Amino acid sequence: MMAVKKGLGRGLDALLGDAPMERERAAEKKASNPEIPIEFISPNPNQPRRMFNDEAIEELAISIKSRGLLQPILVRPKGGDNYEIVAGERRWRAAQKAKLHVVPVIIRDLTDSETAEIALIENLQRVDLNPVEEAEAYRRLVEIFKHTQEEIAQAVGKSRSHVTNIMRLLKLPARTLDALSSGGVSMGHARALLSAVDPDHFCALVMKHGLSVRETEMLVKREANRGAGQKTAGDKAKKTASGADRTKDADTRSLESDLATALGLEVDITHTRKGSGSVTINYLTLDQLDDICRRLMETGV
């Protein structure tokens with residue numbers, strides 16, 4: 001483990017068994033029995049992991065039934081015969097499914113701060129955290145334990161840019177973060193949605209039409225350009241020549257929004273001063289074009 005800030009080092013040292021000698025002696029005294037009844041163990045209420053893969057836990061339970069629990073669960077005493085999990089809740093859940101009556105443990109006297117720190121690091125060193133859980137863990141290490149992104153990157157074996165980019169995802173609204181947590185959109189989609197004016201709206205379009213990351217980037221960029229009024233000189237000349245209004249009133253923008261929501265595609269309405277105009281529906285894939293045609297044909301147009 002690479003050297004990091006003293007606070008982070010203390011938490012990791014405790015996890016690796018390098019705590020001060022006085023604490024080691026106390027822990028050894030409490031750990032005279034290396035196996036304890038599974039019902040004496042309870043999960044950490046501040047566990048950073050919020051989602052557990054049931055299929056993966058079932059697979060681990062099958063392995064435990066045949067070979068036993070090979071890696072002890074790290075716990076701390078909570079009074080009497082009760083212990084709280086510091087690291088290893090996934091193993092504890094699988095051991096319950098495997099119907100073990102006792103499990104091997106490592107007992108350490110740890111403070112609340114050390115427990116939280118170790119739980120965060122232990123979870124971050126696993127590969128099955130979803131991006132939102134990972135980002136939240138990084139944020140807690142920064143805000144609560146005052147570690148820099150560079151220190152965190154060293155501790156979990158990631159690059160500084162990876163930590164920075166993951167934490168940026170927390171700027172997304174709750175609905176988009178939920179979609180990212182559940183796998184409805186990928187991290188690539190989420191990065192593209194960061195620059196969207198309304199990420200939730202575009203996230204819904206991505207899931208509805210199965211857009212790729214590249215298609216999502218194009219959609220967000222085109223909407224940004226349209227919102228900023230970045231038209232080509234040719235487009236401006238055409239609008240001037242046809243007498244089109246350069247600005248849209250609230251009713252027109254509202255109608256555009258309603259049509260876009262109904263179709264799941266970008267819609268542009270252009271009026272001229274003579275009362276004529278055009279409706280433009282923008283599509284990104286041929287499948288979307290086929291869907292537009294099918295809808296029009298079904299209405300008898």
(Q) Please count how many residues of region 54-94 are surrounded by 12 or more Cβ atoms within 10 Å (Cβ to Cβ) and either within 16 Å of LEU110 (Cα to Cα) or outside the structural domain of ALA119 (by TED's automatic domain parsing) (or both). (A) 13
Q.
Given the condition touching a strand residue (DSSP E or B) at 6+ places or on another chain (Cβ under 9 Å), in a strand (DSSP E or B) and surrounded by fewer than 20 Cβ atoms within 10 Å (Cβ to Cβ), answer yes or no: does some residue in region 104-123 qualify?
A. yes
Q) Among ARG253, ARG273, which is among the basic types (Lys, Arg) and closer than 24 Å to VAL206 by Cβ? A) ARG253
**Q.** Failed condition for SER159, given (1) within 10 Å of the chain's Cα centre (by Cα); (2) more than 24 Å from ASN46 (Cα to Cα)
**A.** (1)
Q. Within region 149-165, is even one residue part of a helix (DSSP H, G or I), closer than 30 Å to GLY264 by Cβ and not charged (D, E, K, R)?
A. yes
Q. Does ASN44 fit the bill of being within 28 Å of PRO131 (Cβ to Cβ) and either modelled with pLDDT of 90 or more or surrounded by 12 or more Cβ atoms within 10 Å (Cβ to Cβ) (or both)?
A. yes
Q.
Could you go through region 200-207 and let me know if any residue there is closer than 23 Å to ASP287 by Cβ and β-branched (Val, Ile, Thr).
A. yes
Q.
Just to be sure I understand the filter: pairs with C-beta atoms under 7 Å, separated by 6 or more residues or on different chains, first member in region 61-82 and in a strand (DSSP E or B), second member acidic (Asp, Glu). Which pairs pass?
A. VAL75/GLU84; ARG76/GLU84; ARG76/ASP109; PRO77/ASP109
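The values are calculated or read from the model by the stated rules, or taken from the named source; none is laboratory data. Bear in mind that the values here come from a model prediction, so they are computed numbers and not experimental data. Every residue, glycine among them, receives a Cβ derived from its backbone with ideal geometry; neighbour counts consider all protein chains shown.
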